[in-house]
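Written out below as structure tokens is the structure these notes cover.
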Amino acid sequence: MPENIVKPYANESGSKKEQVATMFNNIAPKYDFLNHVLSMGIDVLWRKKAVRLLKSGNPKMMLDIATGTGDFAIECLKLNPDKVIGVDISKGMVEVGIEKIKTKKLDNKIELKVADSEHLPFPDNTFDAITVGFGVRNFENLKQGLSEMLRVLKPDATVAVLEFSKPTAFPIKQLYNFYFKYILPTIGKMVSKDSSAYTYLPESVNAFPDGEKFAAILKEVGFKSASINKVSFGIATIYLAKK
């Protein structure tokens, strides 16, 4: 079955991958501000929980995929790893992240680089843990991206995928849909000047196979276990999958 491909700029040419990179380059200067305002800071708590769920593995070499400006990579330092590498397809986002990490004097522990998540530039069995925050739904080929994570993970190591999901309980579902459809795109357009970026967000979330469907895809590509941890009434979900 072909994947439901949703692109940021539906009426323009270019692959989803190219358009996602362009979109994040466009909004990179305002991304951190918008991200925290639009999520009302809850995204910080979600990342903290995802990192706590990786603690038992005591990871020393970590990879943060779709790292953006590096917030998840920074949170990973709570686990006291030797090194965290963050990769993102958007040069603009990585540049903002590098400056942030330098300002925080964390560049001895965190390295950010531009790379394609579906073709990771690392050898097999490199990492003790992988994190992905709000990135997998932007993959052009979801299974390819997940297979790459599996490849670069060490045996028995874990990936934590934090992604938006679709709440089902009343009234959370109705409030969530209203916010995503009307409030978020309006604020996003005003601040970022890229109207497509914040209409693409709800469209991409709606198209994403969340919950049991995503857990099934993780197992299909080769992960031996996949758990589903809903947060904030199902607005987002943390998936843990073990190689």
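The table below gives the values:
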{"read-out": "Search result, residues across the stretch 1-57 that are touching a helix residue (DSSP H, G or I) at 6+ places or on another chain (Cβ under 7 Å), farther than 23 Å from CYS76 by Cβ and hydroxyl-bearing (Ser, Thr, Tyr)", "value": "TYR9"}
{"read-out": "Some residue of the stretch 186-194 being under 23 Å from ALA28 (Cβ atoms), buried (at least 18 other Cβ atoms within 10 Å of the Cβ) and among the acidic types (Asp, Glu)", "value": "yes"}
{"read-out": "Elements of type helices (runs of 4 or more DSSP H) contained in the stretch 129-222, each with 1 or more residues being more than 23 Å from ASP32 (Cβ to Cβ) and not aromatic (Phe, Trp, Tyr)", "value": "142-152, 172-178, 195-207, 212-221"}
{"read-out": "Complete set of residues in the stretch 62-85 that are surrounded by fewer than 16 Cβ atoms within 10 Å (Cβ to Cβ) and either in contact with a helix residue (DSSP H, G or I) (Cβ under 9 Å, 6 or more places away or on another chain) or of a type in the set (A, V, I, L, M, F, W, C) (or both)", "value": "LEU77, LYS78"}
{"read-out": "Residues (under 26 Å from SER15 (Cβ atoms) and either among the polar types (S, T, N, Q) or open to solvent by 20 Å² or more (accessible area, probe 1.4 Å) (or both)) located in the stretch 126-135", "value": "THR131, PHE134"}
{"read-out": "The stretch 16-59, residues that are modelled with pLDDT of 95 or more, outside any helix (DSSP H, G or I) and open to solvent by less than 70 Å² (accessible area, probe 1.4 Å)", "value": "LEU53, LEU54, PRO59"}
{"read-out": "Test result for PHE233, farther than 26 Å from PRO8 by Cα and assigned to a loop (DSSP other than H, G, I, E, B)", "value": "no"}
{"read-out": "Conditions (1) on the phi > 0 side of the Ramachandran plot; (2) free of Cβ contacts under 8 Å to residues at least 60 places away in the same chain; (3) of a type in the set (A, V, I, L, M); number of the one not met by ILE74", "value": "(1)"}
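Per-residue answers, yes or no, for (1) modelled with pLDDT of 95 or more; (2) within 25 Å of THR22 (Cβ to Cβ); (3) open to solvent by 10 Å² or more (accessible area, probe 1.4 Å); (4) not in a loop (DSSP other than H, G, I, E, B):
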position: VAL87; (1), (2), (3), (4): yes, yes, no, yes
position: VAL96; (1), (2), (3), (4): yes, yes, yes, yes
position: ILE101; (1), (2), (3), (4): yes, yes, no, yes
position: LEU106; (1), (2), (3), (4): yes, no, yes, no
position: ASP116; (1), (2), (3), (4): yes, yes, yes, no
position: ASP124; (1), (2), (3), (4): yes, no, yes, no
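The values are calculated or read from the model by the stated rules, or taken from the named source; none is laboratory data. Predicted model only: the values in this text are computed from it and were never measured. Cβ: placed from backbone, ideal geometry, glycine included. Neighbour counts: every protein chain shown. Quick note on the areas: whole protein, heavy atoms, side chains included, nothing else; ligands and nucleic acids left out. Shrake-Rupley method; radii C 1.70, N 1.55, O 1.52, S 1.80 Å.
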